[in-house]
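The next block holds one structure in the form of structure tokens; read it before the comments.
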Amino acid sequence: MSGDILKLDGVGHRFGGFTVLRSVTLSVPERGIIGLIGPNGSGKTTLFNIISGYLPLQTGTIEFRGLPLTTQSVPDRNRSGMVRTFQTPKIFERMSVLENIMVGACKITRTGMIQDLLSLPHARGEMRQIRSLAERVAGEFGLAGDLPASTLPAGQRRILEIARALAGQPKLLMLDEPSAGLNREEMQQLIAAIRRINEAGLAVLLVSHDMELMAVASAVHVLNFGEIIAKGNMAAIQQNANVREVYLGV
Amino acid sequence: MMRPRFALVLLGFVLWAALPHLLTRHMTDLLVFTAIYTVAGLGVGLLLGQCGIVNLGQAAFYGIGAYSCAYLTVELGYPNVTGFAVGAAVSVLIALVVGWPVLRLTGYFLALATLALSIIASSIFYEWDWLTGGELGIGGIPKLDFFGFKLDTPGRFYYLAWGVAFLSMLLVSNLVSSRTGLMLRGMRDSSEATASLGVDLQWLRTRVFMLSALLGSIAGSLFAHYVSFTSVQSFTVDKSIGFLLIPVLGGVRSLWGVVLGAMFVTILPEMLSQFGDIHQILFGIALVAVVVLLPDGLMGLLRQAAGKLGWSRVSA
Amino acid sequence: MTLSLILQALQAGITNGFIYALVGMGLAVIFRGSRVINVMHGEFSVVGAMTTVLVLTAAKYPYWFAIIAGLLTGPAIGALIELTLVRPMIRQQATEDQFVLLTIGLERAIAASVLFFIGRDGHLLPAFGGDHVFIVFDVVIREHSLWLIAIAIIVVIALREFFRRTTLGLALTAASIDADGAATTGINVARMRTLTFVLGGLLGAIAGILITPLIAVDYTTGLPITLKGIAAAVLGGFTNPLGAVVGGLTLGIIESLVIVGVSSGYKDVLTFSILIAIMIFMPHGILGRGGRGGG
Amino acid sequence: MLEIHSLVSGYGALTVLHDVSLSIGDREAVAIVGANGAGKTTLVRTICGLLRARSGRVLKNGVDISQTPTHDMADHRIAVVLENRRLFGELTVRENLLLAERRGRGARKVFDWADIYALFPMIEERLETPVNLLSGGQQQMVAIARALLLQPNLLIMDEPSTGLAPKVVKDILNVIKELRGRGMALLLVEQNVGIASAITDRAYVLALGRIEHEIQPGAWDTFLKDERLVKAYLGS
């Protein structure tokens, strides 16, 4: 059955007396790549934070894999299959690349702290399991596992964050401004990585102001002043008068 | 490469076992305290180094461990082991009940909350004199014995105290190198990212707090049986600050740093005792110096020195 | 429990409350200006009081001169700490934990220095207005308490006017609200931070000198003073120095009523349980977010 | 008036600006346009000293100001309106302006309170209102007024239109035009090319931390119809 993995209906948000989101309706199909663009201050990040659970849902509904999201915590949402990245990559600076990815895989383990304390065989077995999983993921993304994460350049940090997110085997990957601070070459790597992830069966929600990156999306929604002002494929968006007005003022 | 390393460990073990016979009774006594403080300091160090939590409340659990041994053995006549067990259970339970809400705080407020816990605990120890003996304390706590082998001298207690210390270090080292350790360090570097990867931070922190409390309680129980006497003066806020000094001065990056820190706070005052209370000033200045200059504590300094001398990897 | 006992307790509570308020205001001023919770704050009080005692007894200078000498130690130590330790640490983007450890270290070092150089004995200062007492409705009020309250109120009003009416006060507030915005408005943000430590140190020293005629001050006095001040500041919301006045008075009065109603031993249990509860459930203090609090 | 030579700047491991050079003449209005992430804000922060340049020089009327602390920029008659305005929210409008006036007092006086009221009639009405109770557009006006009281002859503005409704943007553009009429040099950093073209003479296009293109005086119109613009902004 190919339905929608994520469905937003009439999502609104106010900070104090200030309306950030009026009413946003959009959906991400399973195995789809949906882009969300908009200029600064249009409410993209707010929407992103509401979906991933950092901000409370005030009005409207969100459905993820057929179940409503209301008050679930950030970890709960991750465990139900969604994972996000951050505008400025939040990698674990004082750990190695491999350890970074291993943290992403920790949630699939079952043993508890007491087994860890006593270093019981089962705990060690699971540790080996996530280590080999992390090594595989690192290999897929061409990351050198034993490097300290703090030494990575900007582009590699993005890739590491995505690799770490995928180690937990999510169903929906949400990327927040993944192209910020990347050079052309890194941008191409990022686009290739997103395509590959998607071909492996993952749905992707891409939030960015960057139109070039949106080439990977099957459909793009344009957010301005807390409302979707246009949606469609990239070619249509580029010709859309509203969008040109917002982005170019012409 | 295995053999020289094994020989080194063996040599270390022999030296450790021989120490009480080589040193004066007084020096051995200090080493027993080093071991007890190592156990309590490990808990504080685990919270600080792995979770970035400043725990200024360890004396509360140290006190609970000590008083449960004192009360159960002296007042109720129960066997020694019950004191350890009840102290540990009570400490872990309190850590759970108090830690769950308090560990929602972060940074300053969390540090202040643990400090407040220490003050509350020391006031309660003072007030509940039916349990603690108040200022007079409880004396005559029986010496521990192992199958008829009475641990009634510093030389004998030394082996138990260090046995517990090494065991605690082993457990903590297991934890640090396990998945729990990974999640903890992830949380320390970026709690937001760790939460986004499906880790329940509050429960994770609460469990580590419970472990820290357990270690504090065991250290307190050892202390009570070793000195045979407990009173409120041993469980004040100053003691909590002292326990925090141990991992900070020694260095939170390695377990041996905690041992070094514990040695520092037990042995330095003795070395300087002829100058009066000057060691207190030095502790303060050392703490400031470590915070400003030596983020990895004395252990970090030792490693740098070792690195300069060409010894790589002094310890793992 | 008689009415006069309660009134007597209230009187003591208000007196203590103003001390907590002064200490809490100092802590809040420093926190607002530098994001540092200064655990050595009580040492400003101890050093200020001890200096006054020493100048008064050893050198036989007049009381007012000794007080000025004592008052000056607070700003001097405050500036020294900010310039030599806090400023480099802020530049290295130190964490809150590192500032806790730093100021605990300073607290230890200063308290131990007092022990080492001055000794274990507690010291008292002469009461303002001598040992004269007033008796109102069976309540004994020392004249010093009235002086203390009056001076504290003047300090509170002066501080409020300083923050509201002077451009320097406004600049201090502005630097704490938005450092980048302040810098582009021509405000030297680093200098403002030094100034908050100077001001905080002065408030600490004032509190120390005011309380020493009532309570003998020794090397252990600093940390408890800090803790009460922190409790007052947290109750008041921490970013709002004037909130600490409400917090301090609330704390002082609750404490004195607990002493009369329950037992003196439980006053710290209650105070610090309230502190923890406020931090968890009312992170912006009992006054909430309203008013002119800081960022 | 302002010359920037080979500026390199960034945060930590990240280099954002690579070898940026540009200049602004007396009374000239120049825009820096580019997509988000191009390094526009980094450029502003480096010019005004909030971020230390790794290398390169910034000259104001021939004086090297690359080591001048931000709070002394007023001495060189430079004022900055940062992105998101950066006002002191709990302070009143009057207090916000007073702080700038205090710093601008020594300089040659160009703007006094009467000028401010004339430019922004709303400010006189809302003097005693805490700025966080004002609308976004009003806040932007207070931010500009605050900068003017530093008595600059060069005003640097970072994204003054962000988050504002078109009508409000128009009001602000009118104020900027008025300032230009009074001889103020202007460096405007904008994502929105339409806004930039309306009030500046020429522009630099910043992409990935480098100046990719210069738009010469009178070339705005041709540029706006240029296919390269669409490419730079909307992708290919």
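The values are calculated or read from the model by the stated rules, or taken from the named source; none is laboratory data. This one's a predicted model, so the numbers in the text were calculated from it and none came from an experiment. Here the Cβ is made from the backbone with ideal geometry for all residues, glycine too, and neighbour counts use every protein chain on show. Remember, those area values only see protein heavy atoms, side chains included, never the ligands or the DNA or RNA. Shrake-Rupley method; radii C 1.70, N 1.55, O 1.52, S 1.80 Å.
Here's the yes/no breakdown for (1) part of a helix (DSSP H, G or I); (2) in contact (Cβ under 8 Å) with a residue 60 or more places away in the chain; (3) under 30 Å from B:Met187 (Cβ atoms); (4) of a type in the set (Ser, Thr, Tyr):
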residue	(1), (2), (3), (4)
B:Phe13	yes, no, no, no
B:Phe33	yes, yes, no, no
B:Tyr37	yes, yes, yes, yes
B:Leu47	yes, yes, yes, no
B:Ile64	yes, yes, yes, no
B:Tyr67	yes, yes, no, yes
B:Ala70	yes, yes, no, no
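Of all the criteria given as (1) touching a residue at least 40 places away in the same chain (Cβ under 8 Å); (2) away from chain C (no Cβ under 14 Å), the one not satisfied by B:Ala111 is (2).
Does the range C:141-190 hold any residues that are away from chain D (no Cβ under 14 Å) and of a type in the set (Lys, Arg), and which are they? The answer is C:Arg142, C:Arg160. Filtered by the rule that a residue be out of contact with any Phe, Trp or Tyr (no Cβ under 6 Å at 6 or more places or on another chain) and crowded, with 21+ Cβ neighbours inside 10 Å, the range B:124-142 gives B:Gly133, B:Ile138, B:Ile141. Just to check your reading of the model, which residue among A:Ser132, A:Ser119, A:Ser73 is closer than 25 Å to A:Pro178 by Cα and among the small types (Gly, Ala, Ser)? The conditions single out A:Ser73. Being away from chain A (no Cβ under 13 Å), polar (S, T, N, Q) and outside any strand (DSSP E or B) is a property that does not hold for D:Gln139.
Applying the criterion of at least 1 residues that are surrounded by 24 or more Cβ atoms within 10 Å (Cβ to Cβ), modelled with pLDDT under 95 and more than 10 Å from every other protein chain (Cβ to nearest Cβ) to the helices (runs of 4 or more DSSP H) found wholly in the range C:202-295 leaves C:222-236, C:243-261.
Listed here are the helices (runs of 4 or more DSSP H) enclosed by the range A:136-250 that have at least 3 residues being at the interface with another protein chain (Cβ under 10 Å from one of its Cβ atoms) and within 16 Å of the chain's Cα centre (by Cα): A:154-167. The combined condition, being among the β-branched types (Val, Ile, Thr) and open to solvent by less than 20 Å² (accessible area, probe 1.4 Å), is not fulfilled by B:Val81. Could we say that D:Asp64 is acidic (Asp, Glu), closer than 29 Å to C:Arg91 by Cβ and open to solvent by 40 Å² or more (accessible area, probe 1.4 Å) here? Considered against the rule, which asks whether it is acidic (Asp, Glu), closer than 29 Å to C:Arg91 by Cβ and open to solvent by 40 Å² or more (accessible area, probe 1.4 Å), D:Asp64 comes out as yes.
Against the condition in a strand (DSSP E or B), among the small types (Gly, Ala, Ser), within 14 Å of chain D (Cβ to nearest Cβ) and in contact with a strand residue (DSSP E or B) (Cβ under 8 Å, 6 or more places away or on another chain), how does A:Gly12 come out, does it pass?
no
Within the range B:171-203, the set of residues being touching a residue at least 24 places away in the same chain (Cβ under 8 Å) and either in contact with a strand residue (DSSP E or B) (Cβ under 8 Å, 6 or more places away or on another chain) or closer than 18 Å to B:Gly45 by Cβ (or both) comprises B:Val172, B:Ser173, B:Leu175, B:Val176, B:Thr180, B:Gly181, B:Leu184, B:Arg185, B:Met187, B:Arg188.
Picking from residues in the range D:82-105 that are in contact (Cβ under 8 Å) with a residue 40 or more places away in the chain and of a type in the set (Lys, Arg), the one that is nearest to C:Gly181 (Cα to Cα) is D:Arg86. Is it the case that C:Val29 is among the β-branched types (Val, Ile, Thr) and either surrounded by fewer than 24 Cβ atoms within 10 Å (Cβ to Cβ) or not in a helix (DSSP H, G or I) (or both)? Considered against the rule, which asks whether it is among the β-branched types (Val, Ile, Thr) and either surrounded by fewer than 24 Cβ atoms within 10 Å (Cβ to Cβ) or not in a helix (DSSP H, G or I) (or both), C:Val29 comes out as no. Within the range B:253-276, residues that are of a type in the set (Asp, Glu) reach partners that are part of a helix (DSSP H, G or I) and surrounded by fewer than 22 Cβ atoms within 10 Å (Cβ to Cβ) with beta carbons closer than 9 Å, at six or more positions or on different chains, in the pairs B:Glu270/B:His26; B:Glu270/B:Met27; B:Glu270/B:Leu30; B:Glu270/B:His279. Once the range A:50-74 is narrowed to residues that are polar (S, T, N, Q) and within 18 Å of the chain's Cα centre (by Cα), the residue that is nearest to B:Trp203 (Cα to Cα) is A:Ser73. Residues considered: B:Ser168, B:Ser122. Of these, the only one that is within 25 Å of B:Val44 (Cβ to Cβ), touching a residue at least 24 places away in the same chain (Cβ under 8 Å) and away from chain A (no Cβ under 14 Å) is B:Ser122. Surrounded by fewer than 24 Cβ atoms within 10 Å (Cβ to Cβ), within 14 Å of chain C (Cβ to nearest Cβ) and part of a loop (DSSP other than H, G, I, E, B): does that describe B:Pro295? Here the answer is yes, as B:Pro295 does meet what is asked. Of all residues in the range D:184-213, those satisfying the criterion of being away from chain A (no Cβ under 13 Å) and open to solvent by 20 Å² or more (accessible area, probe 1.4 Å) are D:Asp201, D:Arg202, D:Ile211, D:His213. Of all strands (runs of 3 or more DSSP E) completely enclosed by the range A:28-126, which ones contain at least 3 residues that are open to solvent by 40 Å² or more (accessible area, probe 1.4 Å)? By residue number, A:59-64. The residue that is most open to solvent (accessible area, probe 1.4 Å), among those in the range B:93-108 that are more than 9 Å from every other protein chain (Cβ to nearest Cβ) and under 13 Å from B:Gln202 (Cβ atoms), is B:Trp100.
Within the range D:120-136, can one find any residue that is assigned to a loop (DSSP other than H, G, I, E, B), more than 8 Å from chain C (Cβ to nearest Cβ), closer than 26 Å to D:Thr41 by Cβ and touching a Ser or Thr at 6+ places or on another chain (Cβ under 6 Å)? No, the range D:120-136 contains no residue that is assigned to a loop (DSSP other than H, G, I, E, B), more than 8 Å from chain C (Cβ to nearest Cβ), closer than 26 Å to D:Thr41 by Cβ and touching a Ser or Thr at 6+ places or on another chain (Cβ under 6 Å). Taken over the range A:218-232, the criterion of being open to solvent by less than 30 Å² (accessible area, probe 1.4 Å) and on the phi > 0 side of the Ramachandran plot is satisfied by A:Gly226, A:Gly232.
As a summary of the residue check, D:Leu51 satisfies the conditions (1) within 11 Å of chain C (Cβ to nearest Cβ); (2) part of a loop (DSSP other than H, G, I, E, B); (3) surrounded by 22 or more Cβ atoms within 10 Å (Cβ to Cβ) except for the one numbered (3).
Given (1) outside any helix (DSSP H, G or I); (2) out of contact with any Asp or Glu (no Cβ under 9 Å at 6 or more places or on another chain); (3) free of Cβ contacts under 8 Å to residues at least 40 places away in the same chain, identify the lone condition not met by D:Leu155. For D:Leu155, the exception is condition (3). Return the residues of the range A:75-132 that are of a type in the set (Ser, Thr, Tyr), in contact with a Leu (Cβ under 8 Å, 6 or more places away or on another chain) and over 22 Å from B:Leu170 (Cβ atoms); say none if nothing qualifies. Once the filter is applied, which keeps residues that are of a type in the set (Ser, Thr, Tyr), in contact with a Leu (Cβ under 8 Å, 6 or more places away or on another chain) and over 22 Å from B:Leu170 (Cβ atoms), the range A:75-132 yields A:Ser80, A:Thr85, A:Ser96. For first residues located in the range B:284-296 and within 12 Å of B:Gly257 (Cβ to Cβ), partners that are open to solvent by less than 40 Å² (accessible area, probe 1.4 Å) and lie 6+ apart or on another chain with Cβ distances below 7 Å form the pairs B:Val290/B:Val248; B:Val290/B:Leu249; B:Val290/B:Gly297; B:Leu294/B:Gly300; B:Asp296/B:Gly251.
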